[in-house]
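The values are calculated or read from the model by the stated rules, or taken from the named source; none is laboratory data. Everything numeric here is computed off the predicted structure, so don't read it as measured data. Glycine gets a Cβ as well: all are built from the backbone with ideal geometry, and neighbour counts include every protein chain shown. Quick note on the areas: whole protein, heavy atoms, side chains included, nothing else; ligands and nucleic acids left out. Shrake-Rupley method; radii C 1.70, N 1.55, O 1.52, S 1.80 Å.
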Amino acid sequence: RALLIFTEDVMHRASTGSGKWGGSWRKVADCIAPEMHQLPLADGWTKFDATCRYYKTQESIVIVSIAAQTTQSFRVSAALATLPEGFRPAADLEVPAIFKGSRRLVTIKATADGNLFVDLTDQSGVAITSDDYFFATFAFVAA
């Protein structure tokens with residue numbers, strides 16, 4: 001049997017043997033909330049609300065949340081943002097998203113060098129117009 005105790009910033013563990021608490025308390029983990037960072041958007045984008053941020057957990061999992069609105073039209077692809085070193089994926093990844101106004105499907109591409117792009121899924125040639133917006137949240141293990 002084991003007992004776990006959580007304080008404001010630390011988790012401790014003690015074990016029992018023969019029905020008695022044996023040994024001293026051992027620190028198991030720090031309970032620290034991850035530091036939240038604002039995601040600076042590239043030219044041609046603005047925050048739709050306050051949800052353009054990223055953070056990394058103690059397990060090195062990066063979570064990115066984006067609510068962005070385009071301020072210029074594009075037909076194929078547009079640079080969205082760049083993640084700093086330490087918050088980048090080990091390999092390129094793709095995440096689906098949809099623009100709310102036009103209901104156009106897009107792919108958010110995160111590259112190993114930290115660049116984030118919005119690519120149109122359909123290649124119909126019809127542009128995403130300014131003032132359209134999307135929401136996306138995705139996670140990956142940091143490189």
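The figures follow:
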{"quantity": "Residues satisfying the stated conditions in the stretch 92-138, i.e. polar (S, T, N, Q) and part of a strand (DSSP E or B)", "calculated": "Thr107, Asn115, Thr137"}
{"quantity": "Lone unmet requirement of (1) exposed (fewer than 15 other Cβ atoms within 10 Å of the Cβ); (2) modelled with pLDDT of 95 or more for Thr82", "calculated": "(1)"}
{"quantity": "Per-region count, the stretch 92-108, residues of a type outside the set (S, T, N, Q) and open to solvent by less than 60 Å² (accessible area, probe 1.4 Å)", "calculated": "8"}
{"quantity": "Ala112 being under 11 Å from the mean Cα position of the chain (by Cα), among the aliphatic types (A, V, I, L, M), at pLDDT 95 or above and open to solvent by 30 Å² or more (accessible area, probe 1.4 Å)", "calculated": "no"}
{"quantity": "Wholly within the stretch 28-85, strands (runs of 3 or more DSSP E) carrying at least 3 residues that are in contact with a strand residue (DSSP E or B) (Cβ under 9 Å, 6 or more places away or on another chain) and of a type outside the set (D, E, K, R)", "calculated": "61-70, 77-82"}
{"quantity": "Yes/no for Thr71 being under 14 Å from Asp132 (Cα atoms) and open to solvent by 40 Å² or more (accessible area, probe 1.4 Å)", "calculated": "yes"}
